[in-house]
1. Antiparallel versus total DSSP beta bridges in segment 111-218: what percent is that, nearest 5?
2. Enumerate by residue number the trypsin sites (Lys or Arg not before Pro) in segment 183-224 meeting two conditions: DSSP loop (anything except H, G, I, E, B), and at most 13 other Cβ atoms within 10 Å of the site's Cβ.
3. What spacing in nm lies between the two simple spin-label points modelled at Asp84 and Glu66, each 7 Å away from Cα in the Cβ direction?
4. Ranked highest first by the average count of other Cβ atoms within 10 Å around their residues, in what order do 205-214, 72-81, 276-285 fall?
5. Separation between the Ser200 and Arg156 pseudo-spin-labels, each 7 Å from Cα along Cα→Cβ, expressed in nm?
6. Using 24 Å as the Cα-Cα cut-off, could you pick out the over-long pairs in Lys155/Lys253; Lys155/Lys187; Lys25/Lys187; Lys95/Lys155?
7. How far apart, in nm, are two points set 7 Å out from the Cα along the Cα-to-Cβ line at Lys2 and at Ala214?
8. Set Lys and Arg Cβ to +1 and Asp and Glu Cβ to -1, take the dipole of segment 109-229 about its Cα centre, and tell me which of Ala135, Ala125, Ala227 lies farthest positive.
Amino acid sequence: MKQILAILGDGPADPVLAAAWLVAKRFGGQITGLLGTGAEYAAAPAWQGGLSIYAALDPVVAGEREAQQAKAAAAFHRFLQALDVQFGAVPRRHKGVTAFWCGDNSRAPPAISTRSRLFDLIVMARPDRPTSSLAGITLEDTLFSSGRPVLVCPKRAPAQLGDSIVIAWNGSTESAQTVALAMPLLKRARRVIVIATGRSDMPEPGPSGTELGAALARHGINVHLRAAVGRQKRQGESFLREAQDADADLLLKGAYARSRLRQLVFGGATRQILLASPIPVLIAR
């Protein structure tokens, strides 16, 4: 994971930048900083009965955008410079973490998700309301449109990441995609814990946790198995409880919806985990 995109918003930047740096340090990668959706989306999205207002049509909103851009850029440079991260052009043989701030003002969700396709990992803060906030809209659009894994960070900055990884496994296509995209992290982890639902609780027919564990072990990964119980919210609570008991520092979860309507993607266990997880969650679909 050499190319990492850190999307900053209105909340604290440190948790996002700490997670991005921990991943970049493992791979000698570059962190690109970008300001997420801000003032240009001044109302609720259309599917919630609202109307979006683009900043270019309002000089007041445009001024707010510039102020947000400056604040986010300052936080980006302050945090990473304190860790001796190299900015700008560096020799090709440089093995440490490098960083670059992207001052592009095209911060509407479609522009962000399009740019995100160039990166190995996208790091964002956890939205307070995954389906009804500006941060939630950006997360949803990035998840659906980028084709890349998204690392969602809680409000507390992680001290370590990727040493002990939990996979919330329900046999779905989305869970399989998440595991595949996270393989660079899984191969470098000290241990990986597969927390699997029973076949009767799977959203669709799929491989068991035991079968996933055997597949991962063939890659030389140190795998342990645990069981989750229940469906929907209870299943999410079970995943979180088992992850806490395992002292994990990263949780992998496939995002899915029984209905393919975009606004329903964060239902059930996915929503429960995103709202309550004390550790970063890597999601994909």
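Each reported figure results from applying straightforward, stated rules to the coordinates on display, with no laboratory input. Please read all numbers here as calculations on a predicted model, not as lab measurements. Note: ideal-geometry Cβ built from the backbone for every residue, glycine included; neighbour counts use all protein chains shown.
1. 0
2. Here the sparse-neighbourhood loop sites are Arg190, Arg218.
3. Distance between the two pseudo-spin positions: 3.8 nm.
4. The densest-packed peptide leads the list: 276-285, 72-81, 205-214.
5. 3.6
6. Values: Lys155/Lys253 19 Å; Lys155/Lys187 27 Å; Lys25/Lys187 15 Å; Lys95/Lys155 29 Å.
With Cα atoms farther than 24 Å apart: Lys155/Lys187; Lys95/Lys155.
7. Reported label-point gap for Lys2 and Ala214 is 3.6 nm.
8. Ala125
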